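J.: My structure is below; once you've seen it, I'll send some questions.
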Amino acid sequence: MPTYSLNTPLTDADIEKLRAGDVVLLNGIIYSGRDAAHKKLMELLDKGEPLPFDLKGASIYYVGPSPAPPGRPIGSAGPTTSYRMDAYAPRLIALGLKATIGKGKRSDEVKKAMAGHKAVYFGATGGAGALLSKCITASKVIAFDELGPEAVREMTVQDFPLLVINDAFGGELYAKPNLED
């Protein structure tokens, strides 16, 4: 499978070259967000208020990192199960979100949104949070500080290793092959 080095914010051209199974080394700014943060993002959208970051070309990592040890910008930063954000993801994707990062399968609604708006779902290696955190060179809370580990963070990543699980063309790494072909 091909390996791509991509920089955020992601573009349609970036997304169009990716296929399920490709390896991506992501560089630039990504945002953290889990269940509670997504609920607050939806509340802001419902009120017509601005979000704490620009969704256009953005990538959201479903992570609730542990506290940063001395001399590090962040603690262990492993992915959480993505389906818990499936109720929110299609709306964010329609507004410009280009990538979500987590672990596990996505709903059909999320897959349709990715295909319709040129977005992808990246898998990060579960159980490797300490190693993944070494690719995060900076981290700061930008919204919902009261949520603790689930606050929205702006994180700078360098060669953050990801696997394309769902591409913008309906390809899915987790799909079962037809063994009768």
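J.: Do we find that Ile74 is in a loop (DSSP other than H, G, I, E, B), in contact (Cβ under 8 Å) with a residue 24 or more places away in the chain, in contact with a strand residue (DSSP E or B) (Cβ under 8 Å, 6 or more places away or on another chain) and at negative phi in this structure?
T.: Taking the combined requirement at face value, the residue satisfies it.
J.: Can you name every residue in region 77-99 that is within 18 Å of Leu6 (Cβ to Cβ) and either charged (D, E, K, R) or in a loop (DSSP other than H, G, I, E, B) (or both)?
T.: Those that are within 18 Å of Leu6 (Cβ to Cβ) and either charged (D, E, K, R) or in a loop (DSSP other than H, G, I, E, B) (or both): Gly96, Leu97, Lys98.
J.: Within the set of pairs 6+ apart or on separate chains, which have a first residue in region 155-168 that is touching a residue at least 12 places away in the same chain (Cβ under 8 Å) and of a type in the set (D, E, K, R), a second that is part of a strand (DSSP E or B) and surrounded by 22 or more Cβ atoms within 10 Å (Cβ to Cβ), and C-beta atoms under 8 Å apart?
T.: Qualifying pairs under 8 Å: Asp159/Leu26; Asp167/Val120.
J.: Next question, about the same structure. What number goes with the only condition from (1) under 16 Å from the mean Cα position of the chain (by Cα); (2) under 17 Å from Pro161 (Cβ atoms) that Asp54 does not pass?
T.: (2)
J.: Part of a strand (DSSP E or B) and under 22 Å from His117 (Cβ atoms): does that describe Leu6?
T.: For Leu6, the condition - part of a strand (DSSP E or B) and under 22 Å from His117 (Cβ atoms) - is met.
This table checks each residue for (1) more than 15 Å from the chain's Cα centre (by Cα); (2) buried (at least 22 other Cβ atoms within 10 Å of the Cβ); (3) acidic (Asp, Glu).
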residue: Asn7; (1), (2), (3): no, no, no
residue: Ile15; (1), (2), (3): no, no, no
residue: Val24; (1), (2), (3): no, yes, no
residue: Lys40; (1), (2), (3): yes, no, no
residue: Glu43; (1), (2), (3): yes, no, yes
residue: Ile60; (1), (2), (3): no, yes, no
residue: Ile74; (1), (2), (3): yes, yes, no
residue: Lys98; (1), (2), (3): no, yes, no
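J.: So which residues in region 133-181 are at pLDDT below 95, surrounded by fewer than 17 Cβ atoms within 10 Å (Cβ to Cβ) and touching a Lys or Arg at 6+ places or on another chain (Cβ under 6 Å)?
T.: Correct list: Tyr174 only.
J.: Let me ask something additional. Hey, among Pro50, Pro2, Pro65, which residue is over 19 Å from Ala168 (Cβ atoms) and surrounded by fewer than 18 Cβ atoms within 10 Å (Cβ to Cβ)?
T.: Pro50
J.: Something else about it: Select from region 111-130 the residues that are β-branched (Val, Ile, Thr) and surrounded by fewer than 24 Cβ atoms within 10 Å (Cβ to Cβ) and list them in ascending order. Before the answer, list the steps.
T.: Here is the first cut: in region 111-130, the ones β-branched (Val, Ile, Thr) are 120, 125.
Listed by number, the list holds a single entry, Thr125.
The values are calculated or read from the model by the stated rules, or taken from the named source; none is laboratory data. Everything quoted here is computed from the prediction, not taken from an experiment. Every residue, glycine among them, receives a Cβ derived from its backbone with ideal geometry; neighbour counts consider all protein chains shown.
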